[in-house]
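Down below is the structure, laid out as structure tokens.
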Amino acid sequence: MLANVNVLLLDYALGSLKRQGGKSVFILIVLSLLIFLLASVLMIADAIKLELNTTLKTLPQITLQRFVAGKQTNVSLSRVDTILAFNGVERVMPRVWGYYYFKPAGVNFSIVGVDAYEEPYKKRLSELTRTFDLLTLEKEGGMIVGEGVKNVLQENYYSDFFNFITPKGERYPLKIAGVFHSDIALESNDLMLVPKQAAYAIFGMSPEEATDIVVHVNNPVEIPTIVQKITERYPDLRAITQDDLRISYQNIFDYKSGFFLSLFIVCVFAFFIVIYDKASALSSEERREIGILKALGWRMSDIVHVKFYESFVMAFSAFITGFCAALFFVYVLQAPLLRSVFIGYSELKPPFRLPFSVDVKMIVLLFFLSVPVYIAATLIPAWKAACLDADEVMR
Amino acid sequence: MSLTPEIIALLLLDAVFLFFGGIAFVLSARIAWRWRSHETTELQYALHRQSYLVSVIINYIFMLKIPLFAFFIYTCDKLSSIITGAMCASGVVNSVDFGLYLTLFKIVNLYVFGFWLLLNDADMNEEKLPFTRLKFVLFMLFFIPLFAEIGLEIGFFTSLNVSKIVSCCGTLFSAASTSSISLLFSVDEKIWMMIFYGCFALSVAAYGSRSPLASVVSNLLLALFALIALILFFSPYVYELPTHHCPFCLLQKEYFYVGYLLYALLFAGTFYAAAGGVLDLVQKRYTKRFYNLSLFFNTLYVIGISLYPLSYYLRNGVWL
Amino acid sequence: MIRLHHVYKRFAQGDEAIEALSDVSLEIAQGECVVLRGASGSGKSTLLSLIAGLAQPSSGEIRVLDREISKLPEHLSALFRRAHIGFIFQKFHLIPGLNVEENVIAPLIPANLPLHVLQEKARAKMEALCIASKAKRDVRRLSGGEQQRVAIARALINDPVLILADEPTANLDAKLSTELIEHLYMLKQSGVTLLIATHDPLFFDLAFVDRIIELKNGRIV
Ligand SMILES: Nc1ncnc2c1ncn2[C@@H]1O[C@H](COP(=O)(O)OP(=O)(O)OP(=O)(O)O)[C@@H](O)[C@H]1O
Ligand SMILES: [Mg+2]
């Protein structure tokens with residue numbers, strides 16, 4: 001029935017939309033707005049997912065954390081050599097890192113201990129450390145900080161050094177030896193790179209321990225077997241693989257956008273009823289027009305076709321409008337208000353640009369979520385209109 | 001259960017189908033019960049209008065079902081990156097016990113509702129509306145697979161467990177699999193290939209004989225054996241891997257989404273002959289257009305799928 | 001051409017039933033021009049809509065061009081109208097917001113013909129009725145007489161063999177009425193069958209009217 005398009009009928013439908021004027025404009029605006037909202041949410045979620053995936057790729061293949069009584073605690077350095085002896089393990093690195101709460105600004109800094117003689121466990125860190133001389137850093141008691149950290153410190157009048165307070169209550173000053181800029185800023189904006197022994201002092205940790213252990217393997221396929229071997233040897237170690245992280249992030253974001261979609265469906269339902277109502281309420285002119293056309297030899301299916309074209313044109317133009325508006329809102333304006341829902345409010349995190357990620361899949365998805373639903377809402381009203389008695393115009 | 005946007009979209013449209021399908025079902029029951037084709041009372045007049053509503057609804061559902069089927073497979077494909085062990089849609093589909101039945105129902109429904117629309121057209125072209133009762137009784141029957149499909153789909157997505165480890169297509173479509181598919185592997189794949197070409201020859205012969213019944217039978221056989229031959233014989237040539245037999249992977253980007261085209265051709269070809277043939281049997285006539293279309297699409301499919309082993313042979317000088 | 005056989009039409013109005021037509025039988029030959037006269041409410045419009053297949057009789061049989069139109073399902077009777085019948089309504093019933101040409105081609109829009117074919121057809125009809133110069137004008141900005149002619153052009157666009165006119169002069173002054181009658185005369189000359197429902201006395205002593213049928217309370221007298 002709907003397979004071959006009658007161009008004249010389509011043209012008639014366009015004219016009829018024009019003649020309805022205000023009603024069409026109202027529906028178009030509301031529908032565009034809904035699609036815009038939906039498209040924005042999906043685009044932000046996708047962009048953040050992409051950003052996270054880029055970040056995740058730089059994360060270690062296996063991270064080992066020690067759990068005692070359900071809480072993460074430090075791992076003894078003596079385990080490093082044991083793990084290194086397992087078949088397939090390429091490198092094992094103990095890490096010293098943590099958060100330092102800076103009370104005056106009410107923010108947490110991420111502190112990572114670096115060692116001049118160790119290959120950093122992250123590609124990104126190694127890029128950072130290559131531009132700064134770690135040996136002099138160690139000798140002179142300096143640190144390298146992210147741009148966000150630098151700004152916060154400056155606001156609190158620490159322009160060339162910073163006094164850490166150790167758990168024992170002593171001061172531990174470190175010079176700000178350098179500032180790094182970050183393009184992928186989600187993770188590195190709040191970062192402080194300090195020499196390893198400084199990190200031990202700031203956290204008050206014993207030098208025989210590490211926060212956690214990072215393992216690299218030769219062949220990624222072997223990751224599950226190696227994880228199994230390690231956790232059999234040390235039952236108190238919990239292993240997190242890159243894949244685990246990827247899946248859990250993906251789940252979180254699917255969940256968040258799913259939550260939005262569920263809200264959206266409530267809107268859709270309300271909208272469905274509004275449209276049904278609007279489409280059913282025919283003015284006396286419209287009724288008369290349909291009566292005339294039927295008397296002139298239009299079939300019910302011709303009337304339904306016109307109505308179908310009307311709603312398709314309507315839904316499709318709203319789809320295009322909403323989609324383009326969302327593109328502009330998300331990628332040009334960087335989605336004010338909406339993005340904070342997905343990222344959280346941490347002071348130091350925000351400044352990064354949403355990477356552009358729009359694919360056919362998202363367009364198809366948006367299409368299925370909007371156009372068929374709108375058409376469905378107008379299906380029965382269209383049929384009802386087509387059922388109007390033609391002999392009314394005879395009186 | 002994981003509510004990705006794709007799943008929500010599919011479930012939302014399922015709800016829409018269920019709603020409209022329900023309306024159509026109630027109306028069909030009324031029409032099937034009270035239709036008298038020779039009477040011209042107000043009631044018959046009203047029923048005729050309602051029957052038109054049913055056809056509008058079914059048109060709507062059918063027009064959406066075709067792209068949605070592709071979208072369903074696509075969604076499963078996408079989920080395969082989340083679910084451990086799944087490499088393509090087949091792993092996801094098979095991660096739930098009834099996943100394969102869901103897919104089968106989807107395919108069957110496409111044939112069945114396409115047939116209904118053809119029957120509807122034939123009915124509406126006749127002054128006496130000879131098939132009205134038949135078509136609504138049939139719709140009530142066809143509603144069962146539609147309902148089953150929607151139910152299975154909802155069940156499928158709610159019981160989908162992202163942390164469960166599933167098998168990938170490599171094991172599902174191999175002789176080692178525990179399912180009935182492995183039985184097919186016990187026969188030499190060359191035989192399946194020959195049966196497939198045999199069925200095609202049969203359908204061409206049926207076209208020549210101008211017999212609707214022969215066309216229906218040969219095309220149903222063709223649909224079945226084309227699938228089997230695709231899994232067992234042709235797919236390794238598409239993937240250029242002797243052990244890869246998956247019918248889903250060829251829907252992936254790596255193979256230029258060629259599966260969507262091939263399956264569409266196969267469906268269109270077998271559909272026109274099978275559904276059109278049944279219609280011709282009912283009407284006791286011969287509509288040449290159906291069989292022309294069928295032959296056209298079937299031939300395109302056969303040429304398309306045959307190109308893979310041929311080009312492989314030409315490039316490598318051996319058969320897989 | 002047209003044959004009515006014991007046609008009844010009842011309308012349910014609350015509890016009571018109104019009999020708009022009772023036991024109407026008549027026959028109209030090809031090329032005839034028949035005037036249907038009767039007071040207001042006598043059932044003229046009802047009879048026309050039955051003949052056009054816009055409504056079904058309560059009982060009886062109606063054949064037009066040897067098709068039993070009273071038994072045709074809705075979509076086929078619509079096709080029948082599109083193919084064979086032209087309609088002139090009581091109040092012109094043009095579609096406001098469309099221009100003259102669009103109004104004229106309206107009956108054939110669903111026929112899936114190319115636009116230029118329709119435009120040629122419309123041009124021919126509009127020229128015959130001297131409204132071709134106004135083709136692109138909105139029908140709301142036409143005089144009564146011009147609207148009348150657009151309505152006739154529209155009735156003729158499908159080259160009908162039967163024209164049904166329901167009180168075509170009801171809203172026209174004397175001058176326009178005579179003009180309309182001239183158009184009808186020309187149609188009659190070209191061999192079209194005419195059925196005109198009216199109570200305008202102008203029609204009752206026209207030379208080209210073959211027959212006058214009088215309706216009274218739904219019966220032929
Ligand atoms: N849809 C309807 N429902 C109820 N009664 C109707 C309906 N249509 C017509 N009637 C009744 O049928 C009778 C005939 O109506 P009809 O319109 O045929 O009269 P008419 O001869 O055309 O009158 P007029 O000259 O005023 O146009 C009237 O009594 C009218 O009230
Ligand atoms: Mg009247």
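A few points about this structure:
- Our estimate of slack between A:Val364 and A:Phe67, defined as 0.36 nm per intervening residue step minus the Cα-Cα distance, is 102.4 nm.
- Relative to the compact-globule estimate of 2.2 N^0.38 Å, the Cα radius of gyration of the range A:210-325 comes out at 2.19.
- Of the trypsin sites (Lys or Arg not before Pro) found in the range B:266-320, those in coil by DSSP whose Cβ has at most 16 other Cβ atoms within 10 Å are B:Lys284, B:Arg285.
- Entry note, chain A: relative contact order of 29 percent, from Cα contacts under 8 Å with a spacing of 6+ residues.
- Each residue, C:Arg137 and C:Met186, gets one label point 7 Å from its Cα in the Cβ direction; the gap between the two is 1.8 nm.
- Shielding by partners, peptide A:377-384 (average Cβ within 10 angstrom, other chains): 3
- A Förster radius of 22 Å combined with the Cβ-Cβ distance from C:Asn171 to A:Glu392 puts the calculated FRET efficiency at roughly 0.75.
- Selected from C:Asn112, C:Asn171, C:Asn99 as most flexible by GNM, with chain C as the system and alpha-carbon contacts under 10 Å: C:Asn112
- Each label was represented as a point 7 Å from its Cα along the Cα-to-Cβ direction; for C:Asn217 and A:Glu286 these points are 4.3 nm apart.
- Shape call, chain B: gyration tensor on alpha carbons, a/c limit 1.5: oblate
- With Cα atoms defining each centre, the range A:261-288 and the range C:76-133 are spaced 33 Å apart in the structure.
- Gaussian network model of chain B, Cα within-10 Å springs - most flexible of B:Gly277, B:Gly208, B:Gly170: B:Gly208
- Spin-label model distance (nm) - A:Phe86 vs A:Leu245, 7 Å beyond Cα toward Cβ: 1.7 nm
- Members of C:Lys44/C:Lys125; A:Lys384/B:Lys65; C:Lys9/C:Lys71; A:Lys307/C:Lys91; A:Lys139/A:Lys196 lying beyond 19 Å, as alpha-carbon distances in this model show: C:Lys44/C:Lys125; A:Lys384/B:Lys65; A:Lys307/C:Lys91
- Inter-part distance where the range B:227-244 and the range B:272-286 are each reduced to a Cα centre, Å: 33 Å
- Note on A:221-232: average number of Cβ atoms from other chains within 10 Å of each residue's Cβ is 0.
- Peptide B:41-50 shows a mean partner chain C-beta count of 3 within 10 Å per residue C-beta.
- Charge tally around C:Glu120: other residues with Cβ under 12 Å, Lys/Arg +1 each, Asp/Glu -1 each, net +1.
- Treating r as the C-beta distance of A:Ser76 and A:Glu232 and R0 as 22 Å, the FRET efficiency rounds to 0.80.
- DSSP-loop trypsin sites (Lys or Arg not before Pro) across the range B:21-61, with at most 14 other Cβ within 10 angstrom: B:Arg36
- R0 of 45 Å, Cβ-Cβ distance B:Met140-B:Leu227: FRET efficiency to nearest 0.05: 0.95
- If you take the Cα centroid of the range B:61-104 and the Cα centroid of the range C:149-163, the two points sit 57 Å apart.
- When you restrict to C-alpha pairs under 8 Å that are six or more residues apart and normalise by the size of the range B:169-320, the relative contact order lands at 23 percent.
- Charge tally around A:Thr211: other residues with Cβ under 10 Å, Lys/Arg +1 each, Asp/Glu -1 each, net 0.
- Size of electric dipole in the range A:245-395: Cβ of Lys, Arg +1 and of Asp, Glu -1, about Cα centre, debye, nearest 20: 480 debye
The numbers here are math on the coordinates, done by the rules we state, and not lab data. Only a predicted model underlies this, so the values are computations on that prediction, with no experimental measurement involved. As a convention, Cβ positions derive from the backbone with ideal geometry for all residues, glycine included, and neighbour counts pool all protein chains shown.
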